[in-house]
Every structure is written in C-alpha cells, then in structure tokens.
Amino acid sequence: SARWAGAALAGLLAVVAFAVPAVFGPSAGAAPVVESAAARWVPFDEAAIREQVAAGRTVFVDVTADWCITCQANKKLVLNRGTVAQRLEDAGAVTAMRADWTRPDEAISRYLARHGRYGIPFNIVYGPAAPEGIALPELLTEGAVLDALDRASGKR
C-alpha cells in the first residue's frame, strides 16, 4: 500500500542519514569514540536484569546484530561516543548488556516478543525507578539514552 511504502521510504532515509556519516567518518567537532567500547558489554541474561535492578543498578540492554545497519549506526554514532559511552563505561552504576541476534536465538526472540518487538535494533533501560524498562526509539540519540539512564536510575 502507499502508506506502507511511505513508511518504508521514511525508514530507509533515516538509516541513510545515519549510515552515511558512519561510513564516511564523523563531522568536525564530533564526540570522541571510546576505543574500549566492546570490553564493557556483558552477554544478555534476562534473569540478571532483575537481579541487577533489585541491587539498585541500572541496566542498558542493546539487542543488536552484525547485519543490522541501524544497529551499527547506533553504536558508532551514539553508544560508543561521548557522554553515553562514558556513562556505559561506569561499571559501578550501569550494567551494559548486549543481546547478539546475529544468529537466530530463541531466548532473544522471546524477549523481543514480550516487548512487542519482532525486529531490531531494540534498546531498553531498566533501573530502580523503571523495573519494567524504558524502551528507546530504533534510531538512538544521545539525549534519549541519557534521559532514559537518568529516569531509570531515579535521578530524574
């Protein structure tokens, strides 16, 4: 239908808008990339989310895949840069959990379905003030991630 085609085109244009800078490099004045980004992520464990939140911690879940262009753009432009990367590096305050859906995984599929999602990227933040989680938009922004981290932790 025309409505579906319009939505698909809008999504494609949004991906291109993020992917082009990701491929050709950041603009002048862009926030620095955190080199140790991969080291901070722990493997997805849904039971551990509840345990971490019960202990007063904030948990950021990134459901991603190597083949997902939007996921890669989110990493390059938001998750591995600037203030967001610094906040996710603070292991004392935030547990950064990655659910890798590069290969089909039933546990991740069920997790997505419980949140009404059937595709990726999917990012959600849990914390003492948001035990059910705060789902983020597919195209991440620094402001949206930082706001969710603050709200989930109870700082807002």
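Equivalent ellipsoid semi-axes for the range 60-143, as square roots of 5 times the alpha carbon gyration tensor eigenvalues: give them largest first, rounded to whole Å. Provide the component values of the computation, followed by the final result.
Details: eigenvalues 78, 53, 25 Å².
Computed over the range 60-143, the values are 20, 16, 11 Å.
Averaged per residue, what accessible surface does the range 100-156 expose to a 1.4 Å probe, in Å²? Kindly include the intermediate steps, with their values, before the conclusion.
Working: 3060 Å² over 57 residues.
Ligands and nucleic acids excluded, the figure is 54 Å² per residue.
Pop the C-beta distance of Q86 and A47 into the FRET formula with R0 = 25 Å and round what comes out to the nearest 0.05. Kindly include the intermediate steps, with their values, before the conclusion.
Values: r = 28 Å, r/R0 = 1.11.
The calculated FRET efficiency here is 0.35.
Carbon and sulfur atoms: what percent of the 1.4 Å accessible area of the range 65-104 do they account for?
Solvent-exposed carbon and sulfur of the range 65-104 make up 53 percent of the total.
The values are calculated or read from the model by the stated rules, or taken from the named source; none is laboratory data. As the structure is a computational prediction, the values presented were derived from the model and not from experiment. Note that we place each Cβ from the backbone using ideal geometry, even for glycine, and neighbour counts take in every protein chain shown. The protein model used for the area step is the full one, side chains on, heavy atoms only, and it has no ligands, DNA or RNA in it. Shrake-Rupley method; radii C 1.70, N 1.55, O 1.52, S 1.80 Å.
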